[in-house]
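Peer 1: Pasting in a structure now, in structure tokens, and then I'll have a few things to ask.
Laboratory data are not the source of any read-out in this text; all were calculated from the coordinates shown. Please read these numbers as outputs of a predicted model, since none were measured by experiment. Cβ placement follows ideal geometry from the backbone for every residue including glycine, while neighbour counts extend to all protein chains displayed.
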């Protein structure tokens, strides 16, 4: 079983939750959002401009919720962190996920769908 934590709980997180439900062996076991929004697993009021429109409600049984990204990093049960936060936060969050508490090996494997850096 691959235990996944998600940071940033907006439209992209709702989209990824839909996808994880279809992946055998993947389980979302932690949520993180500094604002506190959607930490109850209810994404029914989250909308975007692409993808499905069906409401997403995550069964929170066995799912940890926090406003603190450091707590997500410290969760020994997590294997990967899906970074769905605003794009400007991606590079720092990827670095923290890979190198906390020390490098190597990666502490957590980051997942992101956005570029990590601007082209040179």
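Peer 1: Mind sorting 1, 60 by how few other Cβ atoms lie within 10 Å of their own Cβ, fewest first? Walk me through the numbers on the way to the answer.
Peer 2: On the way: 1 10, 60 14.
With the sparsest Cβ surroundings first, the list reads 1, 60.
Peer 1: Under the 0.36 nm per residue contour assumption, what length would be gained going from the current alpha-carbon distance of residue 71 and residue 21 to full extension? Could the numbers behind the result be given before it?
Peer 2: Values: separation 50, 0.36 × 50 = 18.00 nm, distance 2.40 nm.
So the extension gain works out to 15.6 nm.
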